[in-house]
Amino acid sequence: MERIFAPWRIRYVLAPKPKDCIFCSAMKGNEKEMLVVYKAKNSFVIMNKNPYNPGHVMVCPKRHVPSTEELNDEEILELMTLVNLSMKAIRLSMNPEGFNVGINLGAVAGAGIEGHLHVHVVPRWKGDTSFMPVLADVQIVPQALEESYEKIREAFESLFRK
Ligand SMILES: [Zn+2]
């Protein structure tokens, strides 16, 4: 498996884990502050604050469940629809050449937040494994995060204007 070198993630790995579920609190909080890109009936899209690449979003059900096995058909359909819409929005705003879309179930499989299911949508560009560390200066990342948030949010809005 190809791995993306994302050295800035060490801040996340070493940070103490918050007690409250970040997805549940993000859902209740201010959308812009929480970097929530889009909310649907049963699920929502949020930026990953410790991204593997710019534009890395996560699609989560609103219910705090650990696995797709616990979703009903309506929730599964909406979750996957939001994965597709996220890719469309990222294509419109950031022009990636590919995506990694995936779910880690359980800590042993790499899930950072075990209790609340989330689907990673990571845009990929040719050569991103080598240029990302250069862009990954700790000072730059928060700004890049806000910029990606605005771009993707606008793209989401434009998808619904059509
Ligand atoms: Zn939760």
Worksheet item: Taking region 32-42, which residues are more than 10 Å from the chain's Cα centre (by Cα), surrounded by 16 or more Cβ atoms within 10 Å (Cβ to Cβ) and not in a loop (DSSP other than H, G, I, E, B)?
Response: Met34, Tyr38
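Mind counting the residues in region 85-97 that are surrounded by 13 or more Cβ atoms within 10 Å (Cβ to Cβ) and out of contact with any Leu (no Cβ under 9 Å at 6 or more places or on another chain)?
7
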Worksheet item: Tell me, which strands (runs of 3 or more DSSP E) wholly within region 43-162 include 3 or more residues that are at pLDDT 90 or above, of a type in the set (A, V, I, L, M) and closer than 24 Å to Lys32 by Cβ?
Response: 43-47, 57-61, 119-124
Item to complete: For region 29-39, indicate whether the set of residues that are modelled with pLDDT under 95, out of contact with any helix residue (DSSP H, G or I) (no Cβ under 8 Å at 6 or more places or on another chain) and within 13 Å of the ligand (Cβ to nearest atom) is non-empty.
Response: yes
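When you look at Glu74, is it within 14 Å of the ligand (Cβ to nearest atom) and farther than 13 Å from Phe23 by Cα, yes or no? Quick ask: steps written out before the conclusion?
Details: within 14 Å of the ligand (Cβ to nearest atom): no; farther than 13 Å from Phe23 by Cα: yes.
It is false that Glu74 is within 14 Å of the ligand (Cβ to nearest atom) and farther than 13 Å from Phe23 by Cα.
Within region 53-69, can you find the residues that are in contact (Cβ under 8 Å) with a residue 12 or more places away in the chain and surrounded by fewer than 21 Cβ atoms within 10 Å (Cβ to Cβ)? Don't jump to the end; show me each part of the working.
To start, the set of residues in region 53-69 that are in contact (Cβ under 8 Å) with a residue 12 or more places away in the chain comprises 53-68.
Lys62, Arg63, His64, Val65, Pro66, Ser67, Thr68 - these are the residues of region 53-69 that are in contact (Cβ under 8 Å) with a residue 12 or more places away in the chain and surrounded by fewer than 21 Cβ atoms within 10 Å (Cβ to Cβ).
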Discussion item. Can you report the number of residues in region 40-67 which are more than 18 Å from Glu157 (Cβ to Cβ) and either among the aliphatic types (A, V, I, L, M) or away from the ligand (no atom under 15 Å from the Cβ) (or both)?
Written reply: 10
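The values are calculated or read from the model by the stated rules, or taken from the named source; none is laboratory data. What you are looking at is a predicted structure, and each value in this text was computed from that prediction instead of being measured. So basically every Cβ, Gly included, is an ideal-geometry build from the backbone, and we count neighbours across all protein chains shown.
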